[in-house]
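Take a look at the structure set out below.
The values are calculated or read from the model by the stated rules, or taken from the named source; none is laboratory data. Being a predicted model, the structure only gives us computed values, none of them experimental. Positions of Cβ are generated from backbone atoms using ideal geometry, with glycine treated the same way; all protein chains shown enter the neighbour counts.
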Amino acid sequence: MTSELDIFVGNTTLIDEDVYRLWLDGYSVNDAVALRVRSGILEQTGATAGVLQSDTMDHYRTFHMLERLLHAPPKLLHQLIFQIPPSRQALLIERYYTFDEAFVREVLGKKLSKGTKKDLDDISAKTGITLKSCRRQFDNFKRVFKVVEEMRGSLVDNIQQHFLLSDRLARDYAAIVFFANNRFETGKKKLQYLSFGDFAFCAELMIQNWTLGAVGEAPTDPDSQMDDMDVDLDKEFLQDLKELKVLVADKDLLDLHKSLVCAALRGKLGVFSEMETNFKNLSRGLVNVAAKLTHNKDVRDLFVDLVEKFVEPCRSDHWTLNDVRLFLNQYSASVHSLDGFRHQTLWDRYMGTLRGCLLRLYHD
Amino acid sequence: MPGKLKVKIVAGRHLPVMDRASDLTDAFVEVKFGNTTFKTDVYLKSLNPQWNSEWFKFEVDDEDLQDEPLQITVLDHDTYSANDAIGKVYIDIDPLLYSEAATVISGWFPIYDTIHGIRGEINVVVKVDLFNDLNRFRQSSCGVKFFCTTSIPKCYRAVVIHGFVEELVVNEDPEYQWIDRIRTPRASNEARQRLISLMSGELQRKIGLKVLEMRGNAVVGYLQCFDLEGESGLVVRAIGTACTLDKLSSPAAFLPACNSPSKEMKESPLVHPPSHGCRSTHNSPIHTATGSRLTQNFSVSVPTLIYTGMGSGSAGKEGGPFKALLRQQTQAALEQRGGSPHRFCRRREFPFLTLTAFPPGLLVHVGGVVSARSVKLLDRIHNPDEPETRDAWWAEIRQEIKSHAKALGCHAVVGYSESTSICEEVCILSASGTAAVLNPRFLQEGTVEGSLEQRIEENLPVGCGFCHIPYDELNMPFPAHLTYCYNCRKQKVPDVLFTTIDLPTDAVVVGKGCLIQARLCRLKKKAQAEANATAISNLLPFMEYEVHTQLMNKLKLKGMNALFGLRIQITVGENMLMGLASATGVYLAALPTPGGIQIAGKTPNDGSYEQHISHMQKRINDTIAKNKELYEINPPEVSEEIIGSPIPEPRQRSRLLRSQSESSDEVTELDLSHGKKDAFVLEIDDTDAMEDVHSLLTDVPPPSGFYSCNTEIMPGINNWTSEIQMFTSVRVVRLSSLNLTNQALNKNFNGLCENLLKSLYFKLRSMTPCCLCHVNFTVSLPEDELIQVTVTAVAITFDKNQALQTTKAHAEKTLQRASTDNDELLQFPLELCSDSLPAPAFPATKEHLESASSNSGTPAAQRAVTVEKASPMGDGNFRNRSAPPCASSTVGVVKMTPLSFIPGAKITKYLGIINMFFIRETTSLREEGGVSGFLHAFIAEVFAMVRAHVAALGGNAVVSYIMKQCVFMENPSKNQAQCLINVSGDAVVFVRESDLEAMSTQQSAVNCQTSCPGEVTT
């Protein structure tokens, strides 16, 4: 006696959270059944393996049918085929768009193209996440990216509106979209110690301060700049950053800056002498990063540069996080006392964000 | 020109992409009614078109309004080629035709295509302006209300129950017309959907006319079925109960005098026909099977084989004079009752009611189950306008049912239903019901034919009256074991009672009930035409017998003594017959305690064999004990003296022996050894019997926290919470064709059903404690070696902790009941609400109760739970648990349930009947996820379309929902599958009890009504 057909349809669609997780993790029905058996569900409920198999198949079929709707979450709310309570709908969407830390670190900053999709096999092998799950996560990134990339207005709001995600998840997606758009390099070996959270934090600061949307005013020529308020860096701002070069190019200014910082920090810093010897190198590093941002290639290497030029030197001299904080605060503030320097606002816009980023990036 | 139909097409959304180039669609809509068609403008390049059309007006006869569905077709405009159809919506406008129901249909309807399924939604507004019709000879029956619910709908009261109405219409099935060989599958499916829609409209109108003729205004328990007879055509038939209903708007001062039967009932009883022996209708030259009545309460009709168009005595010809004779009889009976207050008489052929629950006082006695089956050979219906043959077939079966009821001393049949099973050109017609004696007060016009009744007494005891035998104990229709009623000790009751109705609301029940199923397969040789029909009719009596034996054994094994909601389905296939009986077993306090099951071996000399037998016996005894505990069956011991002297009747024991029972001496001996108690003896004389005993013991009880029944409510559970989950589950299994035996088949079938139940319990485990109510199994045999089982049921949660306490409270209340007939509560909540609120009375009685229940000598009534009190809205506590209303969802929630009520809510309005028929077909089965994926999606779509129609009517629930047909056919080699589904139910508006309460605090006058527990019983 073999089962040809075996279905269960409820007026209210039954959603089993555990099975949903297994499905999202990309397990086949048989693997999912095996995992459920291992969880001890048979003993708890007195069910047989056959019952479990049939139940799992049913849920998988339901999820498969729901998947089309999950690609455009507002559709899930308006559709008539599945009667699902709102709280369950929210859970379905949130879980569907949730991604694995290991996966996102592999893809962050890469172009969400077919080429990257081909590499998913390798990512799957490397991270131990099933290929199916990798594909879902990648497609989610790409889908969100496609929908919001050309949209005006706040990136987080747009994502929330079109994908009905929680605030937290929408912010993460904003970071992913921002990184993908600007193609920041995150995969280099020396960046491996950084978590997705670190990058997301930086992305949020940069979106707030360095994009067109951050200026808080409509573009001067609405026809030429229809879009990309939050997704693209403010080109004008990046151009202007060249002006900061004077801080390291002008020797007097550099010396004055150093003496101001040293005077303020003497006795307060555990690594004062190291700071004093390294000041010029550090300052050159930070300012040169700014000056180079006009080139796309250098924008991509922003994080590599920051780690190379600032984080690593400090770390090798055993600065504590507090040392870094005190230094950066003083380093930024002292510029205001440099009489010959005219770009105070520009400096603040640059250094305010950079300081936040560096503090976040400075850990083991 | 009595009606104007107005339709407005507002907008569409989520349309499919019809133009690959632009990824958009140029959609427009055709609105068709009858032969008139209107079109909207084309809305270019959008998947969410906003047509906002003018009002399309159709001026039509109300006859057409009833018959025709409104057809809305969404198309994609194509300049160069033919326009592509996106999909259709059929809207039944019947609910707009009577004043109390919906006034407008407005909402989003899924656009349905028989090949692609649902493809987006369309927003439509429909209105009807009806003009008064002065034509006395009209053909329409607008205004007659239809209800699927098999009880008097909640916000109505029955003034008169007129009786049985039936009608059938036939047509050629478009699927089998020559044109379909060249038509596309889509066109063919649509032709079929449209035809069936038209036929059910026509059928409903014709039934409505009959109701009007009877001076009724409604049909309750309306059951409409399709017989897909293949090449011989398509039959749509319906039965129902005509009533005059009154809307309960104010506390009407109507009191049914149910306890004082009229004098005229005390007429001399008619002489019973000799009731032993064969009782089949011999109106055919060729009838094969002979048999006899088997056991009590269960008259099995011997199927009569009739070959239509052959022989001289075909039923079609005999039907005429037969009916005439009947009418004469009826008329005569009516004339005798000259003094009765009715003003109009209508002859009634069949005193049948499709109701399964009754207004208080209507049901006086229950005789037992009556059923009749007949095997027919289908041939082409030559003249669709005169469906005489089919009419005659059913008339004949009904006649048989009627005579069976008569033999049981009953003048009426309740819980009546009809069904068919068709395989190729063979058709089994089945009808069954419960023979009963009714109080004629409700049936003014008197279905009381011949007035066989003599047992209606003054002051009928509450809670057991219906168990008292209606037949003459000295001239019993079958061997039965009678005792004095354990409740009132005045009247005789049988030891076991089988019925097709729901448990009467006032029945006194001990413990909880449970679902009991008998399952059976019989192989049959493949044969053609007459030989096939003969083979089937030869097998039928044996199947009925075995199904009955199984039911009886399982009932005993559960320690129970009555079955309610019994439904026996016999399905015919190419090479086998399947029998599936489902019922809800209960322990009625009025009936005697069932004896155990005794096993008897055939070869007493073999030591090891004896050992085996005794082992088996022990297992059975253990199972009975376990079941008694599980279902809380602990009736009080009653000493013999109280029961009174034994009844002077030769056969005191109910014996059911296996077919070859030569060793009667042995049996007697065993019986004696078992003491005075009645034992059920199973003789194990071959492996077959062994197998049967084994299968008895393999039925696994549901896991803890689960109960199941196939009736509306579960006896012994009375604190439903508001969470409900209706579901449909379908399984198809393929039997390995190698050397199939009856035994292997039985085992497979049993396994299939048991596994299905286990799966349900597993899936719904998060709802525990809960009860599966109205569990409805349907079996079909779509092909050789394929068995399809479809289950629809509803899971309702209940509160376990409160169950105990309220049970006690209710038991106490049962005791406290004075002469007031509590049943009247059901209809007149206002007058008694102070009495029936359990909350204030509870703390005072609790202590007393606990002490009382620990006392082993407590009378039965005290321990018992009355079902009337098991009302789903019974206690105030659960109101706190009702979920807060859902926010933010754009799609309103529509509940669906096969029950006639919604737990924790009050139905405030009936919006009309939902009766929908869908066909779905695919030519890309694999791509749609195989057969399971295909059917899963289709059933989900059907649910969605039902919900959308209800929502558009302004409702928020469907009650008495039923999936009447789910015909699935596959052809995997061609990657094709097709499925037909027919569903029906009543669209209603309900209000949460908690919301009602909030309202009622402002209006103290209404307060009583809303919080009265008696409201939503049955």
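Screening B:GLU30 on (1) in contact with a strand residue (DSSP E or B) (Cβ under 6 Å, 6 or more places away or on another chain); (2) crowded, with 23+ Cβ neighbours inside 10 Å; (3) touching a residue at least 40 places away in the same chain (Cβ under 8 Å) shows it passes everything except condition (2). Can you find even one residue in the range A:15-27 that is in a loop (DSSP other than H, G, I, E, B), within 11 Å of chain B (Cβ to nearest Cβ) and under 41 Å from the mean Cα position of the chain (by Cα)? Among the residues of the range A:15-27, at least one is in a loop (DSSP other than H, G, I, E, B), within 11 Å of chain B (Cβ to nearest Cβ) and under 41 Å from the mean Cα position of the chain (by Cα), which makes the answer yes.
The rows are residues; the columns are (1) more than 14 Å from chain A (Cβ to nearest Cβ); (2) buried (at least 24 other Cβ atoms within 10 Å of the Cβ); (3) not in a loop (DSSP other than H, G, I, E, B).
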| position | (1), (2), (3) |
| --- | --- |
| B:ILE902 | no, yes, no |
| B:THR908 | yes, no, yes |
| B:ILE913 | yes, yes, yes |
| B:SER932 | no, no, yes |
| B:ALA937 | no, no, yes |
| B:GLU941 | no, no, yes |
| B:HIS949 | no, yes, yes |
| B:VAL958 | no, yes, yes |
| B:ILE962 | no, no, yes |
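If the condition is being surrounded by fewer than 18 Cβ atoms within 10 Å (Cβ to Cβ) and among the hydrophobic types (A, V, I, L, M, F, W, C), then the range A:234-255 contributes A:VAL246, A:ALA249, A:LEU253. Criterion applied to A:ARG38, A:ARG61, A:ARG68 was being among the basic types (Lys, Arg) and closer than 17 Å to A:THR12 by Cα, and the one residue passing it is A:ARG61.
I'm trying to understand the selection: among the residues of the range B:354-371, which are farther than 13 Å from B:ALA405 by Cα, among the hydrophobic types (A, V, I, L, M, F, W, C) and either modelled with pLDDT of 90 or more or out of contact with any helix residue (DSSP H, G or I) (no Cβ under 6 Å at 6 or more places or on another chain) (or both)?
Within the range B:354-371, B:LEU355, B:ALA357, B:PHE358, B:VAL364 meet the criteria.
Considered as a group, the residues in the range A:192-227 that are small (Gly, Ala, Ser), modelled with pLDDT of 90 or more and in a helix (DSSP H, G or I) include one that is farthest from A:GLY109 (Cα to Cα), and that residue is A:GLY197. Exactly one residue out of A:VAL324, A:VAL304, A:VAL311 is surrounded by fewer than 20 Cβ atoms within 10 Å (Cβ to Cβ) and either polar (S, T, N, Q) or part of a helix (DSSP H, G or I) (or both): that is A:VAL304. Checking every residue in the range A:296-319 against the condition of being at pLDDT below 90, of a type in the set (A, V, I, L, M, F, W, C) and closer than 26 Å to A:ASN182 by Cα gives at least one match. Here A:SER133, A:SER87, A:SER54, A:SER113 are screened, and the one residue that is among the small types (Gly, Ala, Ser) and farther than 30 Å from B:ALA940 by Cβ is A:SER113. Checking each residue in the range B:720-769 for being assigned to a strand (DSSP E or B), modelled with pLDDT of 90 or more and either within 21 Å of B:PRO782 (Cβ to Cβ) or more than 10 Å from chain A (Cβ to nearest Cβ) (or both) picks out B:THR728, B:SER729, B:VAL730, B:ARG731, B:VAL732, B:VAL733.
Hey, can you tell me all the residues within the range A:76-87 that are more than 7 Å from every other protein chain (Cβ to nearest Cβ) and assigned to a helix (DSSP H, G or I)? Walk me through it before giving the result.
Narrowing the range A:76-87 to residues more than 7 Å from every other protein chain (Cβ to nearest Cβ): A:76, A:79, A:84, A:87.
Listed by number, the residues that qualify are A:LEU76, A:SER87.
Name every residue in the range A:255-273 that is assigned to a helix (DSSP H, G or I) and within 12 Å of A:TYR331 (Cβ to Cβ), in order of residue number. Show your work before the answer.
Taking the range A:255-273 as the starting set, the residues that turn out to be assigned to a helix (DSSP H, G or I) are A:255-265, A:272-273.
The answer is A:HIS257, A:LYS258, A:LEU260, A:VAL261, A:CYS262, A:ALA264, A:LEU265.
Scanning the range B:770-788 for residues that are more than 10 Å from every other protein chain (Cβ to nearest Cβ) and among the hydrophobic types (A, V, I, L, M, F, W, C) yields B:CYS770, B:CYS771, B:LEU772, B:CYS773, B:VAL775, B:PHE777, B:VAL779, B:LEU781.
Kindly check whether there is at least one residue in the range A:36-46 that is within 34 Å of the chain's Cα centre (by Cα), part of a helix (DSSP H, G or I) and more than 10 Å from chain B (Cβ to nearest Cβ). Walk me through it before giving the result.
Within the range A:36-46, the subset within 34 Å of the chain's Cα centre (by Cα) is A:36, A:39.
Applying the additional criterion that residues be part of a helix (DSSP H, G or I) yields A:36.
Among the residues that remain, those that are also more than 10 Å from chain B (Cβ to nearest Cβ) are: A:36.
Yes, the range A:36-46 has at least one match.
Screening B:GLN71 with (1) buried (at least 22 other Cβ atoms within 10 Å of the Cβ); (2) under 15 Å from B:GLN193 (Cα atoms) gives one miss only, at (1). Return a yes/no flag: does the range B:966-973 have any residue that is part of a helix (DSSP H, G or I), without any contact (Cβ under 8 Å) to a residue 40 or more places away in the chain and more than 32 Å from the chain's Cα centre (by Cα). Yes, the conditions are met somewhere in the range B:966-973. Considering (1) more than 10 Å from chain B (Cβ to nearest Cβ); (2) over 33 Å from the mean Cα position of the chain (by Cα), the lone condition that A:ASP100 does not fulfil carries the number (2).
Considering only the range A:89-191, give the helices (runs of 4 or more DSSP H) lying wholly within it that have at least 3 residues that are among the basic types (Lys, Arg) and surrounded by fewer than 17 Cβ atoms within 10 Å (Cβ to Cβ). Filter on the range A:89-191 gives A:114-118, A:131-148. Selection within the range B:204-233: residues that are assigned to a helix (DSSP H, G or I) and under 20 Å from the mean Cα position of the chain (by Cα). The member of this set that is surrounded by the fewest Cβ atoms within 10 Å (Cβ to Cβ) is B:ILE207.
Look at (1) on the phi < 0 side of the Ramachandran plot; (2) within 24 Å of the chain's Cα centre (by Cα); (3) not hydrophobic (A, V, I, L, M, F, W, C) and you find that B:GLY565 fails only one, number (1). Checked against (1) facing chain B (nearest Cβ under 10 Å); (2) touching a residue at least 40 places away in the same chain (Cβ under 8 Å); (3) closer than 20 Å to A:LEU91 by Cβ, A:MET57 passes all but condition (3). Being at pLDDT 90 or above, crowded, with 23+ Cβ neighbours inside 10 Å, under 18 Å from B:PRO504 (Cβ atoms) and not hydroxyl-bearing (Ser, Thr, Tyr) is a property that does not hold for B:VAL572.
For the range B:702-715, the tally of residues that are surrounded by fewer than 24 Cβ atoms within 10 Å (Cβ to Cβ) and assigned to a loop (DSSP other than H, G, I, E, B) stands at 4.
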